1. What translational diffusion coefficient, to the nearest whole µm²/s, does the range 73-221 have by Stokes-Einstein, given a Kirkwood radius computed over alpha-carbon pairs, a temperature of 37 °C and 0.692 mPa s viscosity?
2. Would you work out the relative contact order for the range 6-65, in percent, from Cα pairs under 8 angstrom that are 6 or more residues apart?
3. In the chain, if the dipole is taken from +1 on Lys/Arg beta carbons and -1 on Asp/Glu beta carbons about the Cα centre, which of PHE314, ILE327, PHE154 is farthest to the positive end?
4. Please list, or write none, the lysines whose alpha carbon is within less than 26 Å of the alpha carbon of LYS325, excluding same-chain residues fewer than 8 places away.
5. Counting other C-beta atoms within 10 Å, which of HIS168, HIS33 has the fewest, and how do the rest follow?
6. Using alpha carbons only, how many degrees (0 to 90, rounded to 10) separate the axis of helix 112-122 from the longest principal axis of the chain?
7. Give, rounded to the nearest 20 debye, the magnitude of the charge dipole that the range 17-164 has about its Cα centre when Lys and Arg contribute +1 at Cβ and Asp and Glu contribute -1 at Cβ.
8. Return, for the Cα atoms of the chain, the radius of gyration and Dmax in Å, separated by a comma.
Amino acid sequence: MYVLTDEQIAFIRNDIRRNGIELEELQLDLLDHICCVIETEYTAENNFEAFYRSILPRFYKRSLREIEEETHLLLTFKNYYAMKKIMIISGTFSAFTVLIGSLFKVMHWPGAAMLFVLAIALFSFVFLPILSVIRIKEQTKTKDKIVIIAAAIFGSAISLAILFKVMHWPFANILWTISLGILFFLFLPIYFFGGIRNPETKTNTIVSSILILIAGGLLFLITNLRGSHAFDEAIVNADQQIVENYQLLSQKNPSDTVAIHPTINEKATELCALIETLKVKLTSSVSNDGKDMKEATAVLLKGHLTEPIQTQLFDKNGIASARLKTIQLNVKAFEKLANTKINWNAQQVKDLPLSYVLRNLNLLLLRIRILQHTNH
């Protein structure tokens with residue numbers, strides 16, 4: 001076994017120090033490990049310095065200094081590896097869950113909403129916070145720490161905004177605007193002016209800033225600054241007018257118009273009652289206590305719901321499936337009796353959210369009342 005000289009040991013220790021290892025205890029530990037390897041494998045025929053350089057990469061992946069950085073993290077951040085493991089698991093699970101949720105959403109399979117909520121919640125409240133904490137611990141400059149915090153807040157805000165958009169929850173546009181404000185007025189200025197001052201990162205900073213501006217501009221392009229509230233309100237008002245017109249026709253005295261065919265009148269009244277009962281079942285099914293909910297309220301609060309409504313209408317055990325089939329049969333009977341075509345069937349409410357199902361049923365009611373009062 002080869003025995004190192006004092007000069008060779010001093011050379012190794014000085015080189016360890018030149019590679020960025022400042023902790024004395026760590027220097028001695030590395031020196032001991034390297035000397036053991038050299039004394040075991042080195043032969044006098046080899047060039048000492050060349051042999052030393054050849055075995056040094058065994059102790060690191062990128063540079064020798066990363067050993068001190070890892071040691072510092074372990075000494076000051078005891079849960080480092082546990083948090084890193086949780087971060088990787090939560091990030092991987094979030095990514096796959098978003099992909100699966102997107103597939104379920106496209107195919108209109110049940111469970112898409114639950115998958116989206118779970119994925120975005122893990123990404124926004126577990127993965128990004130842990131990632132930012134780990135990255136902040138690795139940085140020494142305050143500017144870099146602020147950039148990481150701003151990036152994490154932006155990532156969480158934009159993820160939640162997209163979730164709120166997909167789920168049609170309120171405040172989606174507010175979250176969207178806040179996230180873009182953080183991107184343009186907090187993250188980007190700090191990142192750009194901090195990176196451009198360093199000649200080593202100047203080019204990368206400029207290129208990255210251009211890409212961020214383009215991405216942010218595209219996100220801003222699809223932002224509805226006026227919000228969806230006005231649109232939703234207009235839809236509700238239009239639905240309300242349909243309901244009012246239907247009610248006006250329902251209350252109309254037959255003596256005020258031409259004589260109504262008694263059989264048609266009876267059939268129309270029966271069919272309208274079936275449809276009204278179906279609407280009540282649907283609106284009460286989405287209320288928290290299962291009691292009657294006003295139609296306008298149901299549209300505003302629960303109008304985005306699709307899966308539970310479709311299950312109730314088309315599942316063989318759905319509470320409204322039998323009534324929907326009865327309505328379809330009665331529509332055909334009414335068409336034959338009135339000698340006209342309504343062109344309506346149950347498939348016209350398939351794969352639609354509650355608001356569109358109710359609108360479709362209201363249009364059917366209005367059509368029936370118009371035909372009732374025009375047949376004589």
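1. The calculation lands on 194 µm²/s.
2. Numbers: 25 pairs, mean separation 23.7, N = 60.
RCO, the range 6-65: 40 percent.
3. Farthest towards the positive end: ILE327.
4. Cα-Cα hits under 26 Å: LYS267, LYS279, LYS281, LYS291, LYS294, LYS302, LYS316, LYS336, LYS341, LYS350.
5. HIS33, HIS168
6. Compared with the principal axis, the helix lies near 30 degrees.
7. On the way: 16 positive and 15 negative charges, 204 e Å.
In total the dipole reaches around 980 debye.
8. Over the chain's Cα set, Rg and Dmax evaluate to 34.8, 121 Å.
Only the coordinates and a few stated rules stand behind these numbers; no lab work does. Just so we're clear, the structure is a prediction, and the values are computed from it rather than from any experiment. Positions of Cβ are generated from backbone atoms using ideal geometry, with glycine treated the same way; all protein chains shown enter the neighbour counts.
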